[in-house]
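Working notes, beginning with the structure itself.
Every number in this text was worked out from the coordinates using simple rules, so none of it is lab data. It should be emphasised that the depicted structure is a prediction, and the values quoted were computed from it without experimental measurement. Cβ atoms come from the backbone with ideal geometry, glycine included; neighbour counts cover every protein chain shown.
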Amino acid sequence: MELNEQVAIVTGGAQGIGGAIARRYAEAGGRVVVADVDEDTAQQNVARIVENGGDARFQRTDVADEVQVEALFQATLNAYGRLDILVNNAGIAHGPGATAHFLETPVAVWQRLIGIHLDGLFYCSQRAARLMIKQGGGGCIINMSSCGATRAHRNLFAYDTTKGGIEAATRAMALDLAP
C-alpha cells in the first residue's frame, strides 16, 4: 500500500485497531490525524509515528460532539489542506453499564453508544464526503464495525444495535455517494 502523502483522519486512533491503522498509514507515506479522547495514549502513538519518520498529528476529539468534529476537520485542513481518507473507528464496547442485559442497560450508556457509534459516524462522514466532493471527488470513507452487527451477543444490546446501524449506514452512504 502506497499512500503518497494522502491525508487520513483516524478516529479512535490512539490505540488498538485504530492505533495500528494510523501507524500503518504513516508507514505507507500517508499524513495522519489521530483523533481520540485519550490524549496521553494518542500523543504516545503520534510520537511513535513521528519517531519512525511518519507525519502525524493529534486532535482531541469526542466524535459524539458535533463542534469537536468540526474542529477536527478544520485542524486537518489547516495542517494539510485536504482530506483523502476517513477511518471511522472510534467506539466503545465495555465499561460501566455497557455490558448489561437489555432490561438493565442504562439510558446514559445507550445514548453514549449511539453518540459515538452513530452520531460520530454521521458527523465525520458527512463532513468528509462534502469535503472530498469539493476537492473534485474521490476519497475513501471506512466505517469500522464488528460481528455484533450481524450476530447478537448476550448482554451487549446497545453495542450490537449500534454496530448494526453502522453497517446499515455504510450501505446507504455507498448508494447516495456512488454517483
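If each of Glu39 and Asn52 carries a label point 7 Å out from its Cα toward its Cβ, how far apart are those two points in nm?
2.5 nm
With everything on Cα atoms, drop me the angle between helix 39-51 and the longest principal axis of the chain, reported from 0 to 90° to the nearest 10.
Roughly 30 degrees, rounded to the nearest 10.
With contacts defined as alpha carbon pairs under 8 Å and 6 or more residues apart, what's the relative contact order of the chain in percent? Don't skip to the answer; put the middle values down first.
Values: 318 pairs, mean separation 35.1, N = 179.
It comes to 20 percent, rounded to a whole number.
Using a Förster radius of 35 Å, what is the FRET efficiency between Glu2 and Leu103 based on their Cβ-Cβ separation? Nearest 0.05, please.
Result of the calculation: an efficiency of 0.10.
Test of understanding: given the chain, find the longest segment containing no trypsin sites (Lys or Arg not before Pro) that are in a DSSP loop and have at most 10 other Cβ atoms within 10 Å.
After excluding every exposed loop site, the longest remaining stretch is 1-150.
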